[in-house]
1. Name the single residue that is nearest to Leu150 (Cα to Cα) among those in the range 326-385 being assigned to a loop (DSSP other than H, G, I, E, B) and of a type in the set (Lys, Arg).
2. Can you list residue pairs whose Cβ atoms sit under 8 Å apart, with the first residue in the range 20-47 being charged (D, E, K, R) and the second being open to solvent by 30 Å² or more (accessible area, probe 1.4 Å)? Count only pairs 6 or more apart in sequence or on different chains.
3. Just checking, does the range 312-321 include any residue being hydroxyl-bearing (Ser, Thr, Tyr) and part of a strand (DSSP E or B)?
4. Residues of the range 243-271 being assigned to a helix (DSSP H, G or I) and more than 24 Å from Pro180 (Cα to Cα), which ones?
5. Among residues belonging to the range 59-77 that are under 12 Å from Ile94 (Cα atoms) and touching a Ser or Thr at 6+ places or on another chain (Cβ under 9 Å), point out the one that is surrounded by the most Cβ atoms within 10 Å (Cβ to Cβ).
6. Does Ile66 satisfy the condition of being farther than 30 Å from His148 by Cβ, in a helix (DSSP H, G or I) and touching a residue at least 60 places away in the same chain (Cβ under 8 Å)?
7. Can you tell me which of Tyr65, Tyr119, Tyr136, Tyr107 is modelled with pLDDT of 95 or more and under 30 Å from Val176 (Cα atoms)?
8. Would you confirm, using the coordinates I've provided, whether Asp16 is in contact with a strand residue (DSSP E or B) (Cβ under 6 Å, 6 or more places away or on another chain) and closer than 18 Å to Lys349 by Cα?
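The values are calculated or read from the model by the stated rules, or taken from the named source; none is laboratory data. Just so it is clear, the structure is predicted and the values come from calculations on it, not from any experiment. No Cβ is skipped: glycine too gets one built from the backbone with ideal geometry, and neighbour counts run over all protein chains shown. Note: areas computed on protein heavy atoms with side chains; ligands, DNA, RNA excluded. Shrake-Rupley method; radii C 1.70, N 1.55, O 1.52, S 1.80 Å.
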Amino acid sequence: MKIVDIKITPFRMWADRYRNATPAPKTEIVQTLTQIITDEGAVGYYLGGQGHGDQDGLSPANRAYIMQRIKPMIVGQDPLDRERFWQWMNAWKIQENVMGVIDMALYDLAGRIANMPVYKLLGGCRDKVKAYASTYPNMGMPDNYARHALECKKQGYKAYKIHPYYYWNPETKQPVPGRPSHIKWDIKCCEAVREAVGDDMILMYDPWGTYHIYEEALQMGRVLERLGFVWYEHPMPEYRVAPYIKLARELDIPILSPEIAEGNLFTRADWILREASDQSRLDVLRGGITAVKKTVAVCEAFGVKCEVHMSGFANLQVLGSTSEDTCEWYEKGLLAPGVDYDAPLGYVKQNCDPIDSEGYVHMPTLPGLGYDIDWDFIKENEIKE
């Protein structure tokens, strides 16, 4: 079997989003379907590539790069040689989300050939995973977060992660540059949520690197410890490792980083060895399923958790092939008041991550990544280029 073509189809879809404390219902989004086609008729698919789990498609520049640089590299090759392609792309320093799209389409193809879900192909470990509700940032006043957390608790979520205030001033309710941070409001938000949900709901916190001053990160960490949060994610910019080493030594709450630093498993291994964080973080748009599985193995060897970042079909498949001891949670979201995250996406006949009454998301059962693609929707909304 040989790869004979790559095809990328951009199309329009609509989903609820959230902008600066305001719901943005039915926002138009450009999604992409990447296909890797073989001479024996087997095809691998990947939907997404740019962010928001797997709901935002590849940019025009990324699409052009795949067609101009990666297609000539892999056409004529055996599609099951995923590791070979990953090593080639890594050596070429190809953008990590682009590496991921190719890697995941190849995994989907392999799963379809084997007629099994990817998590079983990888070596199944569990059929369901605990989900936490992950918020949009800037969801209005602290009371808004508190009410939303209570609603998520009623829906069955056992855990809730706060993305607080950044690039938006909660006092003036206006967009602002990333500095200064709004730490006083961040503290009020965390206090309001903890008071609302009580001590029996697990809480996490992610300010997305907005504390550029070490003392701010330390101050917020002390608050989170007092409130019983279980992790402190990406508190400072990740290109400065020394403050992370200092912070991890000073605080008892686990530091969960790096989240977005480039270098996938290599960067995560370096952070573990330097004791710059207590837990590690990666997702499939940072090098694909191959990169995440390698990272999980490194973390497991060191007895460090590797919490998978973001939602989506491929992240969920990876979680199904890992132990809860290392990868405990599925990040569902982003969620906010007025955002119907579970509304049908249109381009697939079933979303990947409905939550059950006990707070679990179950593994997809279809072959490959689990897509049941609605071809009519994609054809009707295709963007001709």
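1. The qualifying residue nearest to Leu150 (Cα to Cα) is Lys349.
2. Listed by first residue and then by second, the contacts come to Lys26/Trp14; Glu28/Arg12; Glu28/Trp14; Asp39/Met1; Asp39/Lys2; Asp39/Val4; Glu40/Met1.
3. no
4. Matches in the range 243-271: Arg249, Asn264, Leu265, Phe266, Thr267, Arg268, Ala269, Asp270, Trp271.
5. In this case the residue turns out to be Ile66.
6. Numbers: farther than 30 Å from His148 by Cβ: yes; in a helix (DSSP H, G or I): yes; touching a residue at least 60 places away in the same chain (Cβ under 8 Å): yes.
Criteria met by Ile66.
7. The conditions single out Tyr136.
8. So Asp16 fits the description; yes.
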